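Only one structure is covered here, and it is reproduced in the block below.
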Amino acid sequence: MIQFLLLFTLLSQSADKFYNKTYHLNGNIASEGWIQDNKKIDYWFYYFENGNRKYQGSYKDNKKKDWWIVYNTDGSILKKCEYKNDILNGLSILYNHDKIICAEKYENGIKKKIYYSIEEYKKDQK
């Protein structure tokens, strides 16, 4: 019976999922998101000391995945980029004053191409 309770307790602890928040020294929130098995999972938000968003995106087993958004300190979008297993993989779309200036294509963390127009990108997809 004791072995069963110990095993049940260990399984319960490993399955626990909780929402975690950290704070800057000035009291403003620094980060918030889900943790399970001591690893970041699901959606996370990070903030500058001034309270504006710094970046946000999804984790799986402590590794960045899918689309992440990176912000300037003023709150405007700097870039949106795709991750797979914590490595840039796919497109990174760069912005200046919330307007797209170019897109970069990454494969396993290596920049392969830069697109300055939708036409360039469409042409490359054929």
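Residues are listed down the side, and each one gets a yes or a no for (1) modelled with pLDDT of 95 or more; (2) surrounded by fewer than 12 Cβ atoms within 10 Å (Cβ to Cβ); (3) small (Gly, Ala, Ser); (4) not in a strand (DSSP E or B):
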| residue | (1), (2), (3), (4) |
| --- | --- |
| LEU6 | no, yes, no, yes |
| LEU11 | no, yes, no, yes |
| SER14 | no, yes, yes, yes |
| ASN26 | yes, yes, no, yes |
| ILE41 | yes, no, no, no |
| TRP44 | yes, no, no, no |
| TYR59 | yes, no, no, no |
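What is the number of the single condition among (1) surrounded by fewer than 13 Cβ atoms within 10 Å (Cβ to Cβ); (2) among the acidic types (Asp, Glu); (3) modelled with pLDDT of 95 or more that GLU82 does not meet?
(1)
From the list LYS105, LYS99, which one is farther than 23 Å from ILE29 by Cβ and in contact with a strand residue (DSSP E or B) (Cβ under 8 Å, 6 or more places away or on another chain)?
LYS105
Looking at LYS79, LYS105, can you tell me which residue is more than 21 Å from ASN50 (Cα to Cα) and among the charged types (D, E, K, R)? Steps first, answer last, please.
Values: LYS79 fails: more than 21 Å from ASN50 (Cα to Cα).
Result of the check over LYS79, LYS105: LYS105.
Is there any pair with a first residue in region 39-64 that is closer than 17 Å to HIS24 by Cα and touching a residue at least 12 places away in the same chain (Cβ under 8 Å) and a second that is of a type in the set (S, T, N, Q) and not in a strand (DSSP E or B) whose Cβ atoms are under 7 Å apart and which are 6 or more apart or on different chains, and what are they?
TYR47/ASN28; PHE48/THR73; GLU49/ASN26; GLU49/ASN28; ASN50/THR73; GLY51/ASN28; ASN52/THR73
Considering region 95-117 alone, what residues qualify as being among the acidic types (Asp, Glu) and in a strand (DSSP E or B)? Walk me through it before giving the result.
Let us first name the residues in region 95-117 that are among the acidic types (Asp, Glu), namely 98, 104, 107.
Passing the criteria: GLU104, GLU107.
With respect to TRP34, is the statement that it is closer than 30 Å to LYS99 by Cα and either of a type in the set (Asp, Glu) or in a strand (DSSP E or B) (or both) true? If you could, list the steps in order and put the result at the bottom.
Details: closer than 30 Å to LYS99 by Cα: no; either of a type in the set (Asp, Glu) or in a strand (DSSP E or B) (or both): yes.
In short, no.
Mind checking which residues of region 103-120 are within 30 Å of ASN62 (Cβ to Cβ) and surrounded by 14 or more Cβ atoms within 10 Å (Cβ to Cβ)?
Answer for region 103-120, where residues must be within 30 Å of ASN62 (Cβ to Cβ) and surrounded by 14 or more Cβ atoms within 10 Å (Cβ to Cβ): ALA103, GLU104, LYS105, TYR106.
Right, TYR95: over 30 Å from PHE18 (Cα atoms), modelled with pLDDT of 95 or more and among the aromatic types (Phe, Trp, Tyr) or not? Spell out the reasoning first.
On the way: over 30 Å from PHE18 (Cα atoms): yes; modelled with pLDDT of 95 or more: yes; among the aromatic types (Phe, Trp, Tyr): yes.
Yes, satisfied.
Looking at GLY33, GLY75, GLY51, which is the one that is of a type outside the set (Val, Ile, Thr) and surrounded by 14 or more Cβ atoms within 10 Å (Cβ to Cβ)?
GLY33
The values are calculated or read from the model by the stated rules, or taken from the named source; none is laboratory data. Only a predicted model underlies this, so the values are computations on that prediction, with no experimental measurement involved. Heads up, the Cβs are rebuilt from the backbone with ideal geometry, glycines too, and the neighbour counts pull from every protein chain shown.
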